[in-house]
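Have a look at the structure below before the remarks.
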Amino acid sequence: MINGTNGIFSNVQSFFARFFEKKTRSVIGVDIGSSSIKVVQLARKGGRAVLETYGELALGPYAGFEVGQATNLAEDRLSEALTDIIREANVTSRDAGMAIPLAASLVSVIEMPTPPGVRLEEVVPLEVRRYIPVPIAEVTLDWQVIPDQGTGSELEEPEEKPKGPMQMMPNRSRILFAAIHNETLSKYQNVAKKSGLSLSFLEIESFSSMRALLGRERTAVLILDIGAGSTKLSIVEAGVVASTHIINKGSQDITLALSQSQSIEMHKAELLKREIGLSDDIVNKETSQTMQLIINTIFAETNKMVLDFEKKRHRIIDKVILSGGGSLLKGILPVAQRNFNTTVVYAEPFARIETPAFLEPVLKDVGPNFAVAAGVALRKIQELE
């Protein structure tokens, strides 16, 4: 199935919205990650999104692993875990939206000639097929034209445009497209159904994070989402994804490195990681150095993507936002600030949501881990308008 250009990307909303006529005042956003499930329940009151409850449940024990370890659970075990967190977090709504991992999708930007008179809705799907490694009938696809961003921080001007016959070359358009395998969609729909949820949309997690973390920024921003099994990078220009990348290292690799270097069990290494972090304490120097090796590898690959983007787009990254459970590692912010030549901040998805005053310090601390779930819930709350 191929959707048209007015589909998943309009107003920083992504995949496959199907609105129901019946509306409720409370909704939930669900983020099924590799190591845990996060849920956020919001209500609309007085025109604002208000937090009602939230919660996280580790998936490792459902696969016979330790807390913090990445899993790949079957439908039945995922629905069991989702049912458990719904109960434990006292979730009352069943009207939900759900995020799909970036790794389970294909998001890319391509550039193609667009001579005058060309109907993009006819030629773009044909061009995009070249980049999809499975038969087009097996995926759900959507796309949009990326508008030229004339504002924001810029590097040196590119070389002078060619003159003469080269000026007759057709215009070129940048196209953002996203594809998800139909089997993946079916899996998540079944998980929601088995858990008793009424699911109105699925969307790729990068778009959920954007909604929760970005305002009206016109400059280029990098969302650096450090998960358990991988790290997801999304560069956003003026509310539009300009580039995505996955690094196959995450917080689980830090735990594994500690376990191996100190010959301790994984659960003890996980506790050690959370307790010490990237400490400057001389007593814990060796432990911190082991962890920093993994972090430095992630940051080095991130910088490669940033430099490639800045070279191609003649834009500089104006801000880096640390997101995901791995960004909760103690001491990671100053290390990130030393690695990136720009402003680095923690994700604060609850800043756009009305919350109880006494919870604000807690929500600020855990916020980076709930960016996706909060972003899904914020989209879902828009359905009540």
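The values are calculated or read from the model by the stated rules, or taken from the named source; none is laboratory data. Computed from a predicted structure; not experimentally measured. A quick note on method: Cβ atoms are made from the backbone with ideal geometry, for glycine too, and the neighbour counts reach across all protein chains shown.
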Which ones in the stretch 266-300 are surrounded by fewer than 18 Cβ atoms within 10 Å (Cβ to Cβ) and touching a residue at least 60 places away in the same chain (Cβ under 8 Å)?
-> HIS267
Does the stretch 86-101 contain at least one residue that is surrounded by fewer than 16 Cβ atoms within 10 Å (Cβ to Cβ), touching a residue at least 40 places away in the same chain (Cβ under 8 Å) and in a helix (DSSP H, G or I)?
-> no
Among the candidates VAL345, VAL283, VAL376, residue that is at pLDDT 95 or above, of a type in the set (A, V, I, L, M, F, W, C) and in a helix (DSSP H, G or I) = VAL376
Scan the stretch 328-354 and report the pairs whose first residue is closer than 23 Å to GLU205 by Cβ and whose second residue is among the hydroxyl-bearing types (Ser, Thr, Tyr) and at pLDDT below 95, with Cβ atoms within less than 8 Å and a gap of 6+ or a chain change.
-> none
Within the stretch 36-48, which residues are of a type outside the set (Val, Ile, Thr) and modelled with pLDDT of 95 or more?
-> SER36, LYS38, GLN41, LEU42, ALA43
Looking at the stretch 259-277, which of its residues are within 27 Å of the chain's Cα centre (by Cα) and over 15 Å from GLN289 (Cα atoms)?
-> MET266, HIS267, GLU270, LEU271
Members of the stretch 175-206 that are over 17 Å from the mean Cα position of the chain (by Cα), buried (at least 16 other Cβ atoms within 10 Å of the Cβ) and part of a strand (DSSP E or B) | ILE175, HIS181, LEU199, SER200
